[in-house]
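Report on the structure given below.
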Amino acid sequence: MRFSFRVLILSLAATVCLSTAFIDAAGQSGTTSTTTVKKTTTTKKTTAKKPTVDEQLQQLTNKLTEQQSQIQQQQSQIQQLQQTNGQLTQQVQQQGQTLQTSVQQAAQQATAAQDGVNTLHTTVTDLQSTTQATANALLESKKSVDALENPLAIHYKGLTITPGGWLESTFLVRGANENADITSNFASAPLTGVANTNLSEFRASARGSRPIVVATANAGSTKLTGYWEMDFLGQAPTANYVETNSFTPRIRQLWMQAEFKNGVSFTAGQFWSLMTTDRKGIATRSEFIPTTIEGSYVVGYTYNRQNAVRITKDWNNKVWGALEVASAQTTVASSYTPVNLMGFNTSANALSPNSSTLNYLEGSTNGLSTDLAPDFIGKLAFEPGYGHFEIKGLVRMFRDRIASTEDTTGNTNVTAGGGLGWAAILPIVPKKVDFVFEGLAGKGIGRYGASNLSDVTLEPNGHIVPLPAINSLAGFEFHPTPKLDVYTYGGDQYVGKEAFSTLNAKGDLVPAGYGSYLVNNSNCDVEVIAEGGAACGAQNKNLWDATGGFWYRIYSGPFGRLQYGMQFEYFHRTAWSAVNGGSPTGGDPVGLTSFRFYLP
């Protein structure tokens with residue numbers, strides 16, 4: 001279109017030029033000669049300067065040809081560019097396809113390489129496992145050889161019997177004499193003013209030595225355990241320190257246990273009561289036992305070791321529950337004892353030999369109470385992630401009898417008691433500092449405290465009245481180095497009063513029950529009671545104890561462990577106040593030192 005338009009314009013221009021030329025020629029024909037000459041001259045001059053129509057047409061034609069040639073060149077260039085562009089597009093497409101193919105090949109190669117790495121890692125892991133298994137097998141073989149050369153246990157008919165325990169040599173000094181070994185009489189600490197407060201006491205004893213034998217076996221998925229632990233704090237009538245120190249062994253623990261795969265365990269025998277705080281869960285041999293040299297531990301410590309049957313359930317090592325049926329005994333303290341009272345450890349039926357008496361207790365000053373039912377104990381323990389916590393409960397039954405006489409008809413009296421306990425062991429600094437706190441409150445709980453206070457008292461007619469009481473203990477245990485353990489404990493025990501009064505055979509008003517204001521404490525602070533004087537009638541109200549010490553491991557290795565310890569304690573006793581003699585008190589400072597060698 002552009003080319004045709006240009007041709008049309010050029011044609012019009014050419015036509016206009018031709019018309020102009022013809023008009024000029026017609027005008028020049030009517031002029032004079034002179035004019036003609038002049039114009040001829042002018043024409044000649046003009047002709048020399050201006051091209052003719054043909055020349056102009058030729059020029060226009062040439063220009064048109066030239067422009068057509070340029071247009072054709074441009075079209076050729078455009079076609080070449082279009083071809084080049086197509087080629088470039090095709091090349092780009094080919095290069096894209098090539099690149100995509102390369103990427104796919106690279107991805108396949110990377111996948112193959114990763115597979116190779118995984119295979120290599122698996123091979124290395126298998127090799128490591130094989131190496132570790134080989135090392136473990138060699139280690140087990142070495143252990144087997146060592147066990148054969150230096151056996152730690154005795155294997156007998158499927159049983160693994162492991163000896164343990166320790167040998168002990170202890171020295172102690174008391175500020176007030178108690179005539180006791182390493183087990184202090186907290187509830188009988190000498191009252192101020194009596195002869196024993198003016199006499200110190202030195203003792204050296206090996207009676208705290210403690211042999212232990214553990215037997216274990218597996219019956220399928222059930223673990224069976226037998227445990228025997230004893231010391232030499234028993235005492236035969238002939239035992240003394242004069243020549244041979246012939247003290248007798250006594251049972252501390254003697255029990256059997258079955259632990260099932262479902263978390264249930266069954267234990268029977270003599271062991272630490274369920275009222276004793278555990279350090280971990282609820283399990284035998286995990287009890288919290290103060291690490292004192294003192295054999296009576298600490299005032300306020302709640303514990304008991306007696307024959308019992310226990311069932312325990314473990315829920316995922318977070319919550320534990322247990323029930324226990326345990327041997328019962330009843331201790332009594334009363335200002336007035338009814339005539340013909342039977343059933344207690346101090347009653348005639350417990351001490352005098354007859355057809356219904358345990359004859360081996362003949363001559364003993366402390367018999368057995370005649371109990372109606374066992375003690376029932378339940379406990380829940382929690383370990384939510386920080387510390388160990390316990391809630392525990394105790395139910396007890398008490399019974400006595402006023403025997404019949406020719407003039408009176410006998411009667412039997414029954415009453416109940418019990419208490420609620422709590423405990424917590426908190427890792428203040430994990431593996432370095434532990435805080436311990438525990439307690440028990442209730443009625444008739446005296447035998448469950450370290451001071452062994454009385455459980456019950458009596459009304460004048462013989463009816464049993466459980467005594468209100470509370471035990472509490474708190475302490476810190478430090479482990480600053482692997483060789484050193486340091487401890488400090490403080491405890492308190494309180495027993496409430498149940499006071500009565502009655503008339504004696506003479507018609508005089510006399511105290512009865514426990515903690516009566518009518519008791520006579522006037523001779524509780526004299527060395528020798530004058531002839532005819534009344535005996536000290538003091539009855540304990542409160543006892544407290546503060547103690548601290550350490551154990552240092554001198555040697556610990558394949559031959560066992562040798563350690564040395566020191567302890568200092570002071571315990572104090574306060575009696576209920578009376579109209580005569582007020583409220584007597586007493587206390588005893590004690591220092592102990594001990595060497596122990598533990599079997600490997």
If the chain between residue 110 and residue 437 were fully stretched, how many nm would it gain, using 0.36 nm times the residue separation less the Cα-Cα distance? 111.4 nm
Tell me the chymotrypsin sites (Phe, Trp or Tyr not before Pro) within region 495-565 that lie in a loop according to DSSP and have at most 14 other beta-carbon atoms within 10 Å. 517, 559
Radius 10 Å from Cβ of residue 541, net charge of other residues (Lys, Arg +1; Asp, Glu -1): +2
To test your reading of the geometry: what angle, between 0 and 90 degrees and rounded to tens, separates the Cα axis of helix 2-28 from the longest principal axis of the chain? 30 degrees
Given charges of +1 on the Cβ of Lys and Arg and -1 on the Cβ of Asp and Glu, with all other atoms neutral, how large is the dipole of region 539-600 about its Cα centre, in debye to the nearest 20? 200 debye
Relative contact order (%) - region 151-598, alpha-carbon pairs under 8 angstrom, separation at least six: 15 percent
Whether region 451-600 is rounded, prolate or oblate, judged on the alpha carbon gyration tensor where a/c under 1.5 counts as rounded: prolate
Within 12 Å, Cβ to Cβ, of residue 270, how many net charges do the neighbouring residues add up to if Lys/Arg are +1 and Asp/Glu are -1? +3
Under 10 Å from the Cβ of residue 447, count the other residues' Cβ atoms, weight Lys and Arg +1, Asp and Glu -1, and hand me the total. -1
Using Cα atoms only, what is the angle between the long axis of helix 33-49 and the major principal axis of the chain, expressed in degrees (0 to 90) to the nearest 10? 40 degrees
Proxy reagent accessibility, fewest Cβ within 10 Å first, across 212, 289: 289, 212
Quick check on the exposure proxy: order 524, 536 from fewest to most C-beta atoms within 10 angstrom. 536, 524
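Could you quote the convex hull projected area for region 376-506, Cα atoms only and averaged over all directions, in nm²?
That works out to 11.4 nm².
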Of the GluC sites (Glu not before Pro) in region 468-537, which ones lie in a loop per DSSP and count no more than 12 other C-beta atoms within 10 Å? 527, 531
Any idea what % of Cα-Cα pairs in the chain are farther than 37 Å? 56 percent
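Place a +1 charge on the Cβ of each Lys and Arg in the chain and a -1 charge on the Cβ of each Asp and Glu, then give the dipole magnitude about the Cα centre in debye, rounded to the nearest 20.
Working: 44 positive and 45 negative charges, 920 e Å.
Here the size comes out at about 4420 debye.
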At 7 Å along the Cα-to-beta-carbon direction for both residue 75 and residue 246, put a label point, then send me their distance in nm to one decimal. 14.5 nm
What shape does region 95-230 take by its C-alpha gyration tensor, where a ≥ b ≥ c are the square roots of the eigenvalues and a/c under 1.5 counts as rounded, a/b above b/c as prolate, and the rest as oblate? prolate
Residues of region 398-419 with backbone N under 12 Å of the label point set 7 Å from the Cα of residue 461 along Cα→Cβ are 411-413
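Among 121, 572, what is the fewest-to-most ranking by other Cβ atoms within 10 Å? If you can, show how the numbers build up before the last one.
Details: 121 10, 572 18.
Ordered from fewest to most neighbouring Cβ atoms within 10 Å, 121, 572 come out as 121, 572.
What's the FRET efficiency of residue 598 with residue 371 using the Cβ-Cβ distance as r and R₀ = 41 Å, to the nearest 0.05?
Taking R0 as 41 Å, the efficiency between residue 598 and residue 371 is 0.60.
Each reported figure results from applying straightforward, stated rules to the coordinates on display, with no laboratory input. What you see is a predicted model, and the numbers here were worked out from it, not measured in a lab. Here Cβ is always computed from backbone atoms with ideal geometry, including for glycine, and neighbour counts include all displayed protein chains.
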